[in-house]
């Protein structure tokens with residue numbers, strides 16, 4: 001689960017991290033009062049969407065010469081003018097795709113005098129089985145480009161979970177970030193704070209880009225991106241309350257209610273599969289035959305008829321879907337249960353696009369019998385290759 005920048009900063013501030021004062025707003029009418037509540041005279045107006053690259057993004061409605069989704073303002077009037085331009089419009093960034101995201105929230109923040117911009121993140125380093133700090137002196141930039149072009153500028157410091165962030169860990173991070181003086185002193189409290197927040201709130205990612213050294217020598221969290229482990233949310237009602245469903249795909253929200261592993265994609269062939277590996281293979285073979293998958297949908301090994309029907313309805317609700325491929329290997333999941341779920345869903349929502357079903361494994365003959373006797377326009381396939389060829393051919397007419 002992702003949250004907005006202003007929510008992430010409020011969370012980090014509650015742990016004692018240094019962040020600037022700021023106010024989130026939902027309406028243009030709130031802009032002036034929000035700005036007046038801040039010290040000034042420099043303000044930053046930030047679009048709040050679940051995507052990176054906001055500063056370099058462009059608003060669809062404002063033309064190519066308009067400013068991006070993060071703007072400096074040197075007066076309250078300029079803050080209000082920017083808010084009027086940004087709020088309610090669609091911001092397109094490198095991470096949103098061409099469709100962009102509508103900006104429904106803005107964060108007005110007090111400006112900062114920046115001397116240096118650094119990069120700092122925490123994530124689970126699976127190669128060592130520990131939470132690790134990933135840091136670089138190249139803050140404020142595309143970290144993927146830094147990793148590609150100058151990998152020697154990225155440093156990783158793994159944390160021993162039994163010891164937490166030690167003085168040696170802080171020293172190693174400070175050395176990597178070339179921190180000294182007041183910044184190095186701030187680091188002694190900041191890095192343990194970040195680790196504690198990451199650990200206690202079951203985060204999967206905490207990214208600060210940039211972490212800045214101000215002209216007075218002190219550190220400040222200038223931006224914050226936080227993602228949480230969805231499997232641990234049952235422990236954190238306070239975090240669940242921060243969820244902004246307007247930033248999520250409606251189909252993915254519905255899928256989460258049924259405990260389905262569903263991710264919306266940009267293609268035109270809907271996929272329903274059991275098992276992540278089989279799902280990936282299914283998507284790959286669709287691409288091999290010249291089409292694109294419209295989703296990743298794994299119904300899991302123990303799905304019942306109702307869950308299968310729900311998955312089918314979610315897939316058919318996508319207007320981009322021109323055909324559906326059901327690919328099930330029956331182990332724990334029995335083929336007849338899949339067949340019953342598919343038939344029930346088709347009978348309820350109708351079938352407006354071609355449907356190819358490949359079943360193999362437990363109760364496969366019974367599953368095929370259910371499909372064949374349903375009276376529905378369902379095309380059976382013998383294997384995965386055959387299924388992919390048939391669904392692509394059906395779409396191509």
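Quick look at the values:
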read-out	value
Crossing angle, helix 181-200 versus the chain [Cα axis fit, 0-90 degrees, rounded to tens]	30
Cα convex hull of the stretch 1-85 - mean projected area over all directions, nm²	6.4
Nitroxide proxy distance, nm - points 7 Å out along Cα→Cβ at residue 175 and residue 27	5.6
At q = 0.14, 0.18, 0.27, 0.29 Å⁻¹, base-10 log of I(q)/I(0) for the stretch 339-392 (Debye sum, equal scatterers on each alpha carbon)	-0.35, -0.58, -1.16, -1.24
Nitroxide proxy distance, nm - points 7 Å out along Cα→Cβ at residue 113 and residue 369	8.3
Segment residue 389-residue 287, length gained on full extension (0.36 nm per residue, minus Cα span)	35.6 nm
Helical contribution to [θ] at 222 nm, DSSP H n ≥ 4, -39,500 (n - 2.57), averaged over the chain, rounded to 500	-10500 deg cm²/dmol
Sequence ranges 21-31, 384-394, 290-300, ranked by mean other-Cβ count within 10 angstrom, highest first	290-300, 384-394, 21-31
R0 of 30 Å, Cβ-Cβ distance residue 185-residue 125: FRET efficiency to nearest 0.05	0.65
Cα gyration tensor shape for the stretch 249-396, rounded if a/c is under 1.5, else prolate or oblate	rounded
Estimated FRET transfer efficiency (residue 257, residue 37; beta-carbon r; R0 51 Å; 0.05)	0.85
Segment residue 245-residue 396, extension gain: residue separation times 0.36 nm, minus the distance between their alpha carbons	50.8 nm
Simple label model, 7 Å out from Cα along Cβ direction - residue 215 to residue 202, nm	4.5
Mean projected area (nm²) of the alpha-carbon convex hull when the stretch 158-251 is viewed from all directions	7.9
Estimated FRET transfer efficiency when R0 is 30 angstrom, pair residue 351-residue 98 (beta carbons, to 0.05)	0.50
With Cα atoms, 0 to 90° folded angle of helix 335-349 axis to the chain main axis	80
Angle in degrees between helix 76-86 and the longest Cα principal axis of the chain, rounded to the nearest 10	10
Relative packing of 99-107, 204-212, 33-41, which averages over residues the other C-beta atoms within 10 Å, highest first	204-212, 99-107, 33-41
Cα centroid separation - the stretch 204-246 against the stretch 43-80, whole Å	21
Answer label, with semi-axes √(5λ) of the Cα gyration tensor in Å calculated from the coordinates and candidates (i) 40, 24, 21; (ii) 30, 27, 19; (iii) 46, 25, 18	(iii)
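Values in this text are rule-based calculations from the coordinates and carry no lab data. Since the model is a prediction, treat every value here as computed from it, not as a measurement. Glycine also receives a Cβ, built like all others from the backbone with ideal geometry; neighbour counts cover every protein chain displayed.
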